[in-house]
Every structure is written in structure tokens, then in C-alpha cells.
Amino acid sequence: MKTTDISCLCGSVKVQLRGEPITQFYCHCDDCQATSGGAYIGVAVYPTNAVKVMQGELITWTLKSLPRQRCANCGTHVMAEVPGLDQCGIKANLLPKGDFKPDFHLHCRYAVLPVNDDLPHFDDLPASFGGSDETINW
Ligand SMILES: [Zn+2]
Ligand SMILES: [Zn+2]
């Protein structure tokens with residue numbers, strides 16, 4: 001099985017991912033904006049049991065709603081467990097170059113820097129995530 005090794009930006013936290021992600025996307029929600037300090041983040045979703053912390057210390061913090069894990073040393077946001085789904089969202093900028101292949105954009109109603117591309121732009125969430133499935137045009 002394919003394994004992917006990622007680390008935080010100081011290198012003290014190392015995480016191994018087994019297999020391929022379930023899905024990947026850009027999230028534009030206000031929580032991701034607040035915790036990242038950016039306009040949106042890339043996320044690669046893996047089953048929780050495919051994510052193994054090999055080294056280093058992660059601390060959990062919550063700013064608005066979603067608890068996220070970041071490196072205790074450098075503060076890099078590494079991942080967040082999706083409540084109730086047994087899935088883990090990995091911060092996609094930590095993946096090896098070329099591994100981020102997004103399927104869609106989420107929470108586009110919050111977008112401050114719309115990304116014009118050919119992917120679906122969901123107003124909130126796709127139906128498969130329990131959302132309205134409505135898309136918007138940028
Ligand atoms: Zn978000
Ligand atoms: Zn670190």
C-alpha cells in the first residue's frame with residue numbers, strides 16, 4: 001500500500017498516511033480563514049486509522065468551531081479530525097508536490113479570494129457531506 005510521509009514546517013512532527021485520500025478540496029470557511037491566517041486552505045481527507053503520528057508532539061486548539069492539531073514547537077496546522085465521521089483532514093500544503101488533486105471547493109459563501117477554475121464551487125457543502133449541494137458561479 002502506498003504510504004506518504006509528511007511533517008510540520010520545523011520537522012519535529014512526522015505523520016504517515018496510508019493509502020489514497022478519500023477526497024481532497026479547498027475549504028473557504030471562516031474557521032479555516034481564522035486558523036490559517038489565509039483566504040482558504042487545501043485539505044486531503046483520510047480515514048482516521050490511515051493517519052499515524054510517527055514522531056513529535058501535536059497540541060489541539062480550537063479557535064471558532066473545529067478542533068485542530070498543530071505542532072507544539074512551530075505551530076504548523078497539521079490536521080483536524082472531522083467530528084463524527086472517523087475521518088481526518090490533512091493540511092494539503094504539507095503533502096508532497098503534485099499530490100494535491102482537489103475535487104471541489106467548500107463553503108464558497110465565505111470566500112474572500114475566489115479561485116476561478118473548472119471545479120464545482122459549493123455554496124456550503126455537497127450533499128454527500130450533508131450540505132445543500134448548491135453551487136455558485138464566481
Ligand atoms: Zn474550513
Ligand atoms: Zn513543527
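The values are calculated or read from the model by the stated rules, or taken from the named source; none is laboratory data. Computed from a predicted structure; not experimentally measured. Heads up, the Cβs are rebuilt from the backbone with ideal geometry, glycines too, and the neighbour counts pull from every protein chain shown. Heavy atoms of the whole protein, side chains included, go into the accessibility calculation; ligands, DNA and RNA do not. Shrake-Rupley method; radii C 1.70, N 1.55, O 1.52, S 1.80 Å.
Candidates Asp133, Asp103, Asp117: the one that is open to solvent by 40 Å² or more (accessible area, probe 1.4 Å), at negative phi and free of Cβ contacts under 8 Å to residues at least 40 places away in the same chain is Asp117. Filtered by the rule that a residue be under 28 Å from Pro126 (Cα atoms), within 16 Å of ligand 2 (Cβ to nearest atom) and open to solvent by less than 30 Å² (accessible area, probe 1.4 Å), the range 7-47 gives a lone residue, Thr35.
In the set (1) open to solvent by less than 70 Å² (accessible area, probe 1.4 Å); (2) under 21 Å from Ser12 (Cα atoms); (3) out of contact with any strand residue (DSSP E or B) (no Cβ under 8 Å at 6 or more places or on another chain), the condition left unmet by Ala50 is number (3). Sort out which residues of the range 32-75 are hydroxyl-bearing (Ser, Thr, Tyr) and at pLDDT 95 or above, and write them in order of number. Those that are hydroxyl-bearing (Ser, Thr, Tyr) and at pLDDT 95 or above: Tyr40, Tyr46, Thr48, Thr60.
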